[in-house]
Each structure stands twice: as structure tokens, then as C-alpha cells.
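Single-structure report; data block below.
Just so you know, all these numbers are worked out from the coordinates, no wet-lab data involved. If you're wondering where the values come from, they're calculated on a predicted model, not measured in any experiment. Reconstructed Cβ throughout: ideal geometry from the backbone, glycine too, with neighbour counts over all protein chains shown.
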Amino acid sequence: MIARTITVLLLWMAAATVCSEAAAVIHHDLQVELYPQEHRFSAQDTLTLPPDRPDTVMFRLHEGLAPRLHAPGMKIARLAPEGPYGSYRVSLPPGQNRLVLSYGGRLHHPLDAPEKEYARGLRGSPGQISPQGVYLTGDSLWYPHIEDELLTFSLRIKMPPGWQAVSQGSRTRSKDGETTWAIASSQEQIFLIAGPFTEYLGPAGQVQAMVFLRRPEAQLAQTYLTATARYIEMYETLIGSYPYDKFALVENWWESGFGMPSFTLLGPRVIRFPFILHSSYPHEILHNWWGNSVYPRYAAGNWAEGLTAYLADHLLQEQRAEGAQYRQSVLQKYTDYVSSQKDFPLIEFTGRHSSASEAVGYGKTMMFFHMLRRQIGDRMFIEALQVFYRGYRFKTADFSDLQKTFEMVAGQPLETLFAQWVRRTGAPQLTIELARVRAEGEGYVIEAVLRQRQPGPPYALDVPLVLTLAGETAARSAVVPLRDRMHKVTLSSTLPPLRLDVDPHYHLFRKLDRAEIPPALSQVFGAEQITVVLPAAAAAEQMKAYQAFAQSLAHSGPERVTAVFDRELDRLPADGSVVLLGWENRFRETARTAAAGYGASISDGQAALDGKTFPRQAHSVVFTLRHPDNAGLVVAWIAADPPAALAGLARKLPHYHKYSYLAFEGREPQNLAKGRWPVLDSPMTLFFTEARPAMGSLPQEAPLATLPAASAAGN
């Protein structure tokens with residue numbers, strides 16, 4: 001007990017010394033007036049600079065805002081324009097560290113189209129002032145932006161009656177048409193969101209939970225207020241105190257999924273999806289610890305997205321005993337989307353712009369933290385998170401700071417782990433080969449060979465093995481160190497062995513063999529090339545819809561999309577994945593045969609899957625199946641009724657990339673069924689009997705944290 005107390009005290013002291021330098025910050029005292037009907041604003045900003053700054057200040061401001069200085073003895077010089085932004089230089093008199101700028105003008109950019117391959121399909125803008133609302137971020141350059149400087153601010157906003165404004169920190173004043181927000185903790189940028197909101201409030205422990213909706217909806221607001229309290233309590237227990245005074249859900253006027261310090265900006269449809277409460281919403285709340293108070297040093301890699309995914313998306317699945325399935329889908333996304341040309345080390349990830357960058361920056365980073373946790377154990381992992389948070393709150397940190405903190409807490413070197421997963425491109429690829437099983441004395445000896453077959457040097461891996469024995473329902477587990485290209489594994493038991501599984505719960509980051517994962521839509525959207533086979537027998541209206549759908553695939557990920565009529569082919573091409581469109585397609589029999597292997601069926605009038613039958617009329621179905629001539633590729637059969645449903649499928653299917661089969665209903669297709677086919681013949685499993693028994697059970701792994709009951713949170 002005494003030794004434990006000393007250890008805890010030392011860790012608390014370490015938090016104070018692990019990052020002792022506090023960065024100098026700039027303070028902005030902003031007064032802003034919004035004119036939404038005219039797409040413009042006016043502002044005055046009083047900047048207080050750190051006393052040790054040089055006498056020359058460089059800043060950028062959005063083009064057309066015409067900044068003016070209000071101080072004798074100071075000069076402002078306009079430098080060369082930089083596209084839609086202007087650069088300026090101000091010379092300060094000796095000893096002067098404050099300047100006052102007035103500026104204003106039009107600031108309104110249309111929404112961007114979503115990036116190709118980006119499954120979420122959400123749109124953005126550099127900045128908007130409109131009758132619908134105001135969206136201003138650091139990228140809008142709506143306030144004087146001084147490069148690479150942290151800041152604090154006070155922000156007073158005047159706006160039309162009935163409007164409200166939201167920013168970081170605490171609201172210090174609020175009346176109709178005027179609001180003030182302020183924050184004394186270091187920030188990377190200043191956000192200003194405004195619109196005709198209805199406001200709802202609730203407690204979340206010592207934190208104020210807030211909801212701003214564009215139309216009154218008390219029940220929806222209460223659902224989010226309750227969820228906010230529960231998630232904040234869970235993460236305060238796991239990591240440390242919430243870093244802000246409030247957390248607000250703000251409804252945007254377009255579909256978005258933005259996380260800002262102390263609030264999130266979600267689209268009107270997004271916030272009404274019931275699953276968002278248990279997926280994206282806790283992810284955005286958690287970002288207030290990782291990314292919005294401990295800031296990544298982006299030039300050295302953005303670790304915050306992967307850590308947030310691990311402690312939000314993965315943790316919630318872990319709480320439902322579905323962590324292994326989640327990790328499998330993460331590894332499948334990497335396998336399907338990330339070619340060698342699209343791969344990169346974690347230290348080069350700054351943010352996602354495609355499915356491939358997301359698979360690396362979110363997925364690989366998430367798996368890195370999972371492997372780090374398994375190496376040092378849950379207790380040390382949690383303590384290291386807490387020390388890291390206390391030491392770097394409102395400061396910037398990179399992977400090297402994480403490494404130093406975790407090494408200090410765990411008391412072991414972690415250089416090999418960080419070097420091969422953070423600074424190296426790629427992933428290991430494993431195989432297992434059976435040498436023999438022999439009787440020895442009163443038991444059995446199993447000899448097998450583990451190999452690494454990826455290009456480049458071998459990784460240092462701790463490979464989980466699971467052995468299932470006759471007469472026992474519980475399997476036995478072991479971890480085998482694999483440091484070279486090849487390692488001979490020898491296991492012994494007193495009972496006959498039935499099967500041996502390699503990493504069946506996907507604890508290692510690795511590139512998966514196609515045969516150990518089910519066919520999924522990610523193999524369509526992540527393909528280098530696909531062939532879309534159109535049914536020549538389709539009616540004119542249907543054919544028009546099929547051709548539009550084929551064109552949409554070219555904007556969803558595949559590098560090359562070729563459309564052909566079924567009558568032009570004798571057999572399906574085997575040099576890329578294939579999409580078959582329509583009930584009328586003459587290659588539908590190929591899909592029917594492959595689907596039968598999974599217990600699903602396709603006939604002229606209906607499709608049956610997952611124990612349910614879906615008539616052809618008013619339904620759309622998607623089956624993703626192994627290519628009969630190339631097991632590394634897929635054939636996806638997609639049929640829709642009415643044809644107008646194909647437009648909705650084109651928007652929605654990228655969101656369902658991890659699934660093997662889907663069923664929808666109606667013109668604006670509503671999902672009725674979804675799932676993944678079982679893995680039928682994984683090369684990572686060795687069977688020792690013709691019966692091919694199921695793997696024995698293993699103890700359920702405890703999640704890192706548990707979600708408090710709804711009635712307990714917020715009190």
C-alpha cells in the first residue's frame with residue numbers, strides 16, 4: 001500500500017515535469033457584428049502579444065477585409081497577396097505589445113464537394129456568412145491569424161434578433177442579439193458558429209451540457225443532454241477532468257461532422273440517426289481530451305484521431321463484446337483500400353482526405369494503441385494516458401512525447417514498438433504452415449511454422465495463438481514471439497488437438513489474407529479498377545438509372561471504372577472486381593451460385609438472406625461475393641426496384657463499405673438488413689480433424705472503461 005502510494009505520487013509529479021514549458025500565447029479581444037443577409041461582418045480585434053515577441057508582427061487575413069490600425073506610431077504594410085487571403089506586416093514601437101485592428105467585409109464560400117473515396121461524403125466550406133447561419137473557423141482567416149501561435153480570446157458577437165452564437169469556452173453574457181464567449185486556456189484557433197437556434201441546457205457533473213437546435217425538439221435535445229453527461233463522466237474517470245466548462249451539440253444547416261473545442265457541429269440528418277449517439281457523438285466528446293486540449297504537433301504526425309477512435313469507437317464496441325469484429329473491419333479496410341502507392345507512416349498523417357488516408361491515420365493508429373495497451377497492460381496504459389493528459393493539456397505533443405510518457409510510466413523501453421508502427425510504412429503479413437502432429441508419451445506435440453511474407457525486414461511481433469482441444473469447451477491461448485522471417489512453433493497437450501488459430505481476435509495490425517475476411521463492398525470502393533456489367537435487356541428507364549449509378553462509382557473510390565453490356569461478355573473479367581447490375585443481368589446466375597455457399601438465395605422474384613425474404617418489388621438488394629475465377633476479387637450484384645432507388649444507393653453504399661450483404665426498401669432506400677458473410681476457410685486456422693470444429697471459447701476481455709447508467713450521470 002505504501003509503495004503504491006509513492007508510485008502514484010511520482011506519476012503526479014511526472015505530469016508536472018514531462019512538459020514543463022508553457023508556450024507564450026496571443027490574446028484576442030474581439031467585437032464582431034454579423035450581417036447575414038449581406039454575407040458580411042465587421043470586427044475590431046485588440047491583440048495582446050507576449051512581451052518577448054519581435055517588434056514586427058506578420059499576420060494573414062481573408063481577402064477584402066481591409067484592416068486598419070488604431071494606434072499612433074504603428075504602420076501596417078500589405079505584402080504580396082496569397083490567393084483569397086492577404087498577408088500583412090505591422091511594425092511595433094519598442095516596448096509596445098498591443099495593437100488594435102478594425103476590419104470587415106464579405107466572407108462567403110460555397111460548400112465543397114466531398115473528396116473522392118471519402119466514404120462519409122460530408123461537405124465543408126472555408127467559411128460562410130449567410131441567412132441560414134454563420135460558420136467561421138481558423139481556416140476562414142476571419143481574425144488576424146499569426147502562424148504557429150496558440151491563443152486565448154474574448155469574443156462579443158452582435159447578430160440579428162432570434163439568433164444565437166456559439167464558440168469555445170464559457171458564455172459570459174447572453175441576451176437577444178448579443179453573446180460573449182471567452183476562454184483563458186490556450187487554443188489553436190477561434191470558431192464562430194451562429195444561427196436561429198433553440199437552446200437547451202442540462203447538467204453533466206461540473207460541466208454545462210448544451211444543445212442548440214435549428215427547430216424546437218425537446219425530446220431529441222434531452223436525449224443528447226443525457227448522453228453528454230454519461231460520456232463525460234466515463235472519460236473523466238478514464239483520463240482526467242474535462243478540460244472545458246461546457247459541451248454543446250450544435251445543429252448545422254448542412255450535413256457535417258465537425259468536432260471543435262467544447263462543442264460539436266453535426267448535420268440535421270446526422271444528429272437524428274439513432275446510432276450517432278453511440279458512435280460519432282462520443283467520438284466528438286472525447287476529442288476534447290485528445291486533439292482539442294492536447295494538440296497534435298501535425299508536422300510530426302496526428303496521433304489524436306487514432307487515439308480518439310480507440311477510446312471511443314473501439315471502446316464502445318468492446319463494451320458490447322464486439323471488439324474483435326471491430327478490429328477485423330479496421331484491418332479489412334486497410335487491406336482493401338491501402339495499396340503500396342497509397343501507404344505512408346503514421347508520422348506523416350495530418351488528416352483524412354480519402355478512405356486510404358483514413359485507414360492508415362485512424363485505423364493503423366488505433367491498432368497501434370491497442371498493441372501498446374496489450375504490451376504494457378491495462379493498468380499501466382490507463383496511468384500513462386492520465387499522465388500524458390495532465391502533462392500536455394493545452395500544449396502540443398507528438399509521438400515522441402507519447403513514447404517518453406509511456407516508457408516512464410511502464411518502466412520499459414518502447415523504441416521498437418514506436419519505430420516499427422509509427423515511423424515505418426506498411427504492415428506485416430503472416431502465414432502458418434503445419435509441419436506435423438505426433439503422439440508423445442501420454443500426450444501430443446504440435447509443430448507448425450509461422451512466417452512473415454511482407455517485403456522489407458521482419459517485424460518484432462507477439463503473435464496470439466489459440467489451441468482448441470478435444471473434450472474441452474474452453475480454448476487455450478499462448479503468445480509466440482516472432483522476430484524473424486520464420487519461427488518454428490512447438491505446442492504440447494495431454495488431449496488431442498482439434499484446431500490452431502493465429503490471431504483470431506485480430507490483436508495485431510497486419511495486412512489480412514483475402515481468405516480470412518469476408519467479401520465486402522470495401523473491395524469494390526477500394527479497387528484499382530472495376531467493371532460494371534449492365535443488363536442489355538433492361539427497359540429504357542432502368543438503363544438510364546443503371547448508367548447513372550455506374551458513373552457515380554467513378555467518384556466513390558475505384559481508380560478506373562469500365563461499363564459494358566452483359567451481352568458483350570462470354571465470362572466475367574478476372575483482372576478486377578465486378579459489379580453486376582439488375583435482376584435482368586445474364587450473369588445473375590454467377591451471383592446466385594456464390595450466394596448459395598453462404599446460405600443465401602436469389603430467384604426471379606425475390607432474394608433471401610439473413611433468414612429474411614425480400615420480394616423484388618419495392619426492394620433493393622446488394623450481395624458481395626467471391627469472384628469465381630479470382631478469389632482475391634469480388635463480384636457485387638446490385639438490384640433495385642424502383643430504378644430511382646439507385647440514386648439513393650449511390651449515396652449510401654460507401655457508408656456500408658464493411659458489409660457483405662444489404663437490403664433496402666423504397667425510392668429513398670431505407671436499410672432493412674445488413675451483415676457480413678462468415679469466414680469459411682481462413683488460412684490462419686489449422687484443422688487437425690476432418691470435422692472442422694468451432695474454436696473453443698476464451699475469457700471475455702474487460703473493456704478499459706464502462707459507461708455509467710443514465711440515471712447516475714449528470715447528478
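Think of the stretch 198-289 as having a plus end and a minus end, set by charges on the Cβ of Lys, Arg, Asp and Glu; of GLY267, ALA209, LEU249, GLY267 sits farthest toward the positive end of this dipole. Since only GLY411, PRO161, LEU572 are under comparison, the one whose Cα sits farthest along the positive direction of the charge dipole of the chain, derived from C-beta charges on Lys, Arg, Asp and Glu, is PRO161.
Assign unit charges at the C-beta atoms only (+1 for Lys and Arg, -1 for Asp and Glu), then state the dipole size of the stretch 198-289 relative to its Cα centre in Debye, rounded to the nearest 20. Dipole of the stretch 198-289, to the nearest 20 debye: 220 debye.
For LYS395, which aspartates and glutamates qualify as cross-link partners when the Cα separation must be under 17 Å and same-chain residues fewer than eight apart are set aside? Correct list for LYS395: GLU21, GLU147, ASP148, GLU149, GLU188, GLU305. Restricting the GluC sites (Glu not before Pro) of the stretch 651-715 to loop positions (DSSP other than H, G, I, E, B) with no more than 15 neighbouring Cβ atoms within 10 Å leaves GLU690, GLU701.
Could you give the length gained on full extension between THR562 and GLN700, defined as 0.36 nm per residue of separation minus the Cα-Cα distance, in nm? Don't skip to the end; give the middle numbers.
On the way: separation 138, 0.36 × 138 = 49.68 nm, distance 4.66 nm.
Value of the extension gain: 45.0 nm.
Counting only other residues whose beta carbon sits under 13 Å from that of PHE388, what net charge do I get with K and R as +1, D and E as -1? Result for the local shell: 0. Descending by average beta-carbon neighbour count within 10 Å, the peptides 285-291, 602-608, 441-447, 220-226 line up as 285-291, 220-226, 602-608, 441-447, the highest first.
Between ASP575 and GLU178, the simple label model (points 7 Å from Cα in the Cβ direction) yields a spacing of 7.1 nm. Work through the residues other than SER293 whose Cβ is under 12 Å from its Cβ and net out their charges, Lys, Arg +1 and Asp, Glu -1. Taking every other residue near SER293 into account, the sum is +2. Rounded to the nearest 20, the size of the Cβ-charge dipole of the stretch 430-516 about its Cα centre is 360 debye, with Lys and Arg at +1 and Asp and Glu at -1.
In this Cβ point-charge picture (+1 for Lys and Arg, -1 for Asp and Glu), the stretch 617-715 has a dipole of about 220 debye about its Cα centre. Shown for HIS145, HIS108: other C-beta atoms within 10 Å of each C-beta, ranked fewest to most, produce the order HIS108, HIS145. Legend: distances between Cα atoms for LYS333/LYS674; LYS544/LYS658; LYS333/LYS364; LYS364/LYS658; pairs beyond 19 Å are LYS544/LYS658. Here LYS488 is the anchor, and the aspartates and glutamates within straight C-alpha reach of less than 19 Å, apart from those fewer than 8 places off in the same chain, are GLU433, GLU440, GLU447, ASP462, ASP501, ASP503. Farthest towards the positive end of the charge dipole of the stretch 468-544, among the residues HIS487, THR531, LEU498, is the Cα of HIS487, using unit charges on the Cβ of Lys, Arg, Asp and Glu.
For the peptides 496-504, 368-376, the ranking by mean Cβ contacts within 10 Å, running from highest to lowest, is 496-504, 368-376. Taking the helices alone, the chain has a mean residue ellipticity at 222 nm of -6500 deg cm²/dmol, built from -39,500 (n - 2.57) per DSSP H run of at least 4 residues and averaged over all its residues. The ranking of HIS28, HIS655 by Cβ neighbour count inside 10 Å, starting from the fewest, reads HIS655, HIS28.
Sorted ascending by nearby beta carbons within 10 Å, beginning with the fewest, ASP575, ASP629 become ASP575, ASP629. In summary, the lysines within cross-link reach of LYS158, defined as a Cα separation below 25 angstrom excluding same-chain residues under 8 places away, comprise LYS175, LYS246. First select every other residue whose beta carbon is under 14 angstrom from the beta carbon of PHE369; then total the charges, Lys and Arg +1, Asp and Glu -1. Value of the local net charge: 0.
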